[in-house]
Amino acid sequence: QVQLVESGGGLVQAGGSLRLSCAASGRTFAMGWFRQVPGKEREFVAAITSTNEQTYYRDSVRGRFTITRDNAKNLAYLQMNSLEPEDTAVYYCAAKKTDSHNYYYTWGYTYWGQGTQVTVSS
């Protein structure tokens, strides 16, 4: 069983930046970030594999967000730049049991963090 703990959320003005961190209690394979606003489904934001660190992004964040990881420290990061009010959500870290496909769907992930709130003011 792997536990994930997110940190780094907060309140920022539009155009600002935040960096989210996800600490895993053990080794993980592919990791992802998802976000959710009240009344909507949890949506994919970004993912990164463990072996070759291949990255994947939803279209609306590509070029603004960057996902990275530090395998030696069991950490993953989401650097968020040029934030927009539409990015306001609870952000969740997730980890898979494999490095294989299905990065874009919540059901592809086994482990989840508790979430961290990101609020972008206009």
Shape of the range 1-46, Cα gyration tensor, a/c cut at 1.5: oblate
Inter-label distance for Gln114 and Glu41, nm, one decimal - labels placed 7 Å from Cα along Cα-to-Cβ: 2.8 nm
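If I take every Cα pair under 8 Å that is 6 or more residues apart in the chain, average their sequence separation and divide by the length, what percent do I get for the relative contact order?
Numbers: 309 pairs, mean separation 43.9, N = 122.
Contact order relative to length: 36 percent.
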Eligible lysines near Lys40 by straight Cα distance, threshold 27 Å, same-chain separation 8 or greater: Lys96, Lys97
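List the longest stretch of the chain that has no exposed loop site; here a site is one of the GluC sites (Glu not before Pro) assigned by DSSP to anything other than H, G, I, E or B, with at most 16 other Cβ within 10 Å. Let's see the in-between values first.
Numbers: sites that count: Glu41, Glu53.
The longest uninterrupted stretch comes out as 54-122.
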Alpha-carbon gyration tensor eigenvalues x 5, square-rooted, for the range 41-122, Å: 21, 14, 13
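Quick one: ranking Arg42, Arg35 by accessible area, 1.4 Å probe, largest first, what do you get? Before the final figure, lay out each step's value.
Numbers: Arg42 75, Arg35 15 Å².
The ordering from most to least exposed comes out as Arg42, Arg35.
The values are calculated or read from the model by the stated rules, or taken from the named source; none is laboratory data. Computed from a predicted model, the values in this text were never measured in an experiment. Virtual Cβ from ideal backbone geometry, glycine too; neighbours counted across all protein chains shown. Calculation scope for accessible area: heavy atoms of the full protein, side chains included, ligands and nucleic acids excluded. Shrake-Rupley method; radii C 1.70, N 1.55, O 1.52, S 1.80 Å.
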